[in-house]
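Read the structure below first, then the notes.
The values are calculated or read from the model by the stated rules, or taken from the named source; none is laboratory data. Keep in mind the model is a prediction, meaning the values are calculated, not measured. Here the Cβ is made from the backbone with ideal geometry for all residues, glycine too, and neighbour counts use every protein chain on show.
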Amino acid sequence: MKTLLYILHSGQRYGTERMALATLAQLSPYAETVLFAPTGPVQQLAAEQQTTCLSFNNKRQLASQLWRYLGRNELSICTTGVSQALIVSLLSLLRGKWPAQIHVVHGGTDETLSYGRKHWLQCLGIELVAVSAFVKSRLLAHGCKPRHITTIENFLISHQDQRAAFTHSGIGRICMMTRIDPIKQVGVAITAWEMHSALPELLICGTGWQSEELQAKSAHLPQIKWLGFVEYPSQILLGCDLYIHTCDNEPFGLAILEAMDAGVPVLVPDQGGAAALVQNGVTGFHYRAGDSADLAWQITRIAQLPASKLNQIVAAAHDQLKQRFSASARIADYAQLCGINGGGL
C-alpha cells in the first residue's frame, strides 16, 4: 500500500491544517496516511479523526522522524512550508530515493513568504498545488512556471446542521470567524459599526495579536461581542443571519464555505480569493473591498431583502458546495497527483 506523508509548517487549527486532515481522512482507505506537524492544537484534531500524527519542535526532529519513512518504495509526500520541502529533498538525496512530492500553497499574510520562494521548489521538480485561482495568480506573479502548477480548490467533507429557513426579512445577528491579525482587516468591520450604530449585533470569533487593540477600539459599541476562540463555530453560525468576511487578499476562505454549509448567507469583499467563492447576488453578496461605508450599506440592503430571496441565495450556495467544492472530485485530483489508486476514487 502507498504511504502518504503530509508535512505542515504550522500546528494550529486554521484552514491549512483542517484541509490537510480532511485530505488524509479521505485518502486513508487507499494509503497509509501520516501527518507531521509542529506541536500545537492540530494534534487534538488528528486524534479525534484517528489520523496518525507525529509532532516536531524543530527541523532536526522533523528530519529524524522522516528518515525512517524515506526508505519506502511506495511513498508520496505533501508539504506546505518551503523549508520542510527542502528537508525532504535533501534527505531523499541522502537516501538515494526520490519520492513523489507536491507542495500545497494556501497563501498567507506575507507575499514573499507565501509566494516569493516557491519557484525554488519547481527547480527541484516539485509540483505546486494552488488552492485557488487567486493563489495561482500570485505564484505566477512571483515567477513560478504555470506548467508545474495545479489548481485544486479546498472542499468540505463534514456537513453541519442547518440554520432554519428565513421566514421574514431582517438581519438580527451577524458573525465573523477569523484570526484577529492586521491582514484579516477586521478593523473594516469595526469602522462600519462606528459609522452606522444601527447595524445589528456582530459576533467576532477568533484570536490574534491585534485582539486587544480592536477590542479597545470597539469598547463603546455594545453591538460588537468578542467571543475569542470558539471550538465549535457551527453552533454560533446556526444563530446568525449573515456571515461577513473582511480580508480582501484572502487566498481562499474556508470559513466562507462553512457558513454556506450552515445555511447562512455570506457577504465578502469583491477582491481576492474570497470574491471568487461567491457569485454576487446568486450564492452570496459582495461589497467594495476595504470600504467600511459600503459594507454597512450592503448589510442594510440585505436586511431589506424578502425571506424568499435569502432562502434562494442559501439554496444556490448549497448547490455550489455540492458541485464545485465536492470532496470526492478534489480528493480524486490529489490521488492522481500522489499516484494513489483505489476503487472508490
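Out of (1) outside any loop (DSSP other than H, G, I, E, B); (2) touching a helix residue (DSSP H, G or I) at 6+ places or on another chain (Cβ under 9 Å), what's the single condition that is false for Gly170?
(1)
Need pairs with beta-carbon distance below 7 Å; first residue farther than 18 Å from Thr167 by Cα and within the stretch 290-319, second among the aromatic types (Phe, Trp, Tyr) and at pLDDT 95 or above; sequence gap 6+ or separate chains.
Filtered contacts from the stretch 290-319: Asp294/Tyr287; Leu295/Tyr287; Gln298/Phe285; Gln298/Tyr287.
Where residues in the stretch 158-194 are β-branched (Val, Ile, Thr) and under 21 Å from the mean Cα position of the chain (by Cα), which of them is farthest from Glu213 (Cα to Cα)?
Ile174
Out of curiosity, is Ile149 outside the structural domain of Gln12 (by TED's automatic domain parsing) and in contact with a Leu (Cβ under 8 Å, 6 or more places away or on another chain)?
So Ile149 fails the test.
Being at pLDDT below 95 and either assigned to a loop (DSSP other than H, G, I, E, B) or hydroxyl-bearing (Ser, Thr, Tyr) (or both) is the filter here; which residues of the stretch 181-195 pass it?
Passing the criteria: only Asp181.
Could you say whether any residue in the stretch 123-140 is over 20 Å from the mean Cα position of the chain (by Cα), surrounded by fewer than 16 Cβ atoms within 10 Å (Cβ to Cβ), assigned to a helix (DSSP H, G or I) and not assigned by TED's automatic domain parsing to the domain that holds Asp261?
yes
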